[in-house]
1. Quick one: in segment 277-304, of everything that is within 10 Å of THR125 (Cβ to Cβ), of a type in the set (Gly, Ala, Ser) and out of contact with any Lys or Arg (no Cβ under 6 Å at 6 or more places or on another chain), which residue is surrounded by the fewest Cβ atoms within 10 Å (Cβ to Cβ)?
2. Here are some conditions: (1) under 20 Å from the mean Cα position of the chain (by Cα); (2) modelled with pLDDT under 65. LEU82 meets all but one. Which one does it not meet?
3. Hey, can you tell me all the residues within segment 154-181 that are touching a residue at least 40 places away in the same chain (Cβ under 8 Å) and outside any helix (DSSP H, G or I)?
4. Return a yes/no flag: does segment 120-133 have any residue that is of a type in the set (Val, Ile, Thr), touching an Asp or Glu at 6+ places or on another chain (Cβ under 9 Å) and in a strand (DSSP E or B).
5. Within segment 208-224, track down each residue that is modelled with pLDDT under 95 and closer than 26 Å to MET247 by Cα.
6. For segment 50-79: of the residues being in a loop (DSSP other than H, G, I, E, B) and under 19 Å from the mean Cα position of the chain (by Cα), which is surrounded by the fewest Cβ atoms within 10 Å (Cβ to Cβ)?
7. Just for segment 186-241: of the residues that are in contact (Cβ under 8 Å) with a residue 40 or more places away in the chain and of a type in the set (Ser, Thr, Tyr), which one is surrounded by the fewest Cβ atoms within 10 Å (Cβ to Cβ)?
Amino acid sequence: MTSRRQLLAASIGLAANGYMPRALALDLPLLPAGTPLRMTLGFPPGGAVDTVARILAPGLSAVLSRPVVVENLTGANGVLALRRVAEVGGDISRFFFATSSIAEVISAASADRLSLQTMQPVSITSTVPMVLVVRSSLGVKDAAGFLSKLKSTPELSYGSAGIGNGTHMCAADLVQRLSATAIHIPFQGSHAAMLNLAGGHIDFATVGAGSVLVPNARVTPIAVTTGTRSSLEPLKDLPTVSEAMLMGFEYSLWQAAFAPASWDRDHVTTLYAAFKSVLSQESIRQALSKVAAEVVASSPATVSAWVEREAALHSRLASVIKKA
């Protein structure tokens, strides 16, 4: 699990490496100079989206010449944070930093779907590969052992960062496509799920790779869920789920920025330029790489298509969960 100490070290490393981004003007009306801009996300500290946000925030602050702080509004799988940003009216002090779980929101006909659709896309910033992990006391050492255990033990339990979260969808899809059954236990974020896995309270999980970069004797990584093997040192010897258990299986987490509808288009363009500038810095890329995040830095024009495609995937996986 990525610690606050690691995040602080990454931030210090950016300064030590001479990180000097180009300043951009973000003159938000009615928001006094020096007032923090809040990067609002829907999960507690320690998970993939929070880790990425805390690496990017100092760089955004430097580029925008305005404090950018991470605001964790946990609950309802990210929906509470979405609502806070979408429904603030004239308050323009926040923007939404979303993760894959938001695709579940727009895959359903709800007021929250409308809330996201009325917001302005800024950028898909990054993706994070996922890892299938088990509690070490389960006695499983590899993919073949996990598959055998899953098929022979229907009461196995798996944890997630919340119902409908990518960590839930990925594991549920894997279990169903392997023609097995397992019990889902949702938690408030990936950090809590990993603590319970290490404590022996659940049997397995699919989590962002950043959660398993620090070795833990009580947790055993089994396979990565990406299409190709990871180049990260702690994970490079792990097979993919596709090659070891289920051909064609692939799933990753992602992070994206959305601006509230009350922002002028020029402000959205400036925020995108700030993300693009920060994500182009080699020191930022290295810091993200250390927590297993891969830079995307897409333009605003491509965000909607990306999220709609993910929503279609979540619609399919939602039907899988209902059948489970």
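The values are calculated or read from the model by the stated rules, or taken from the named source; none is laboratory data. Being a predicted model, the structure only gives us computed values, none of them experimental. Using ideal geometry, Cβ is built from the backbone for each residue, glycine included, and neighbour counts are taken over all protein chains shown.
1. SER298
2. For LEU82, the exception is condition (2).
3. Result: LEU156, SER157, TYR158, GLY159, SER160, ALA161, GLY162, ILE163, GLY164, ASN165, LEU178, THR181.
4. Yes, because at least one residue in segment 120-133 is of a type in the set (Val, Ile, Thr), touching an Asp or Glu at 6+ places or on another chain (Cβ under 9 Å) and in a strand (DSSP E or B).
5. Across segment 208-224, the qualifying residues are GLY208, ALA209, GLY210, SER211, VAL212, LEU213.
6. GLY75
7. Per the criteria, the residue is SER230.
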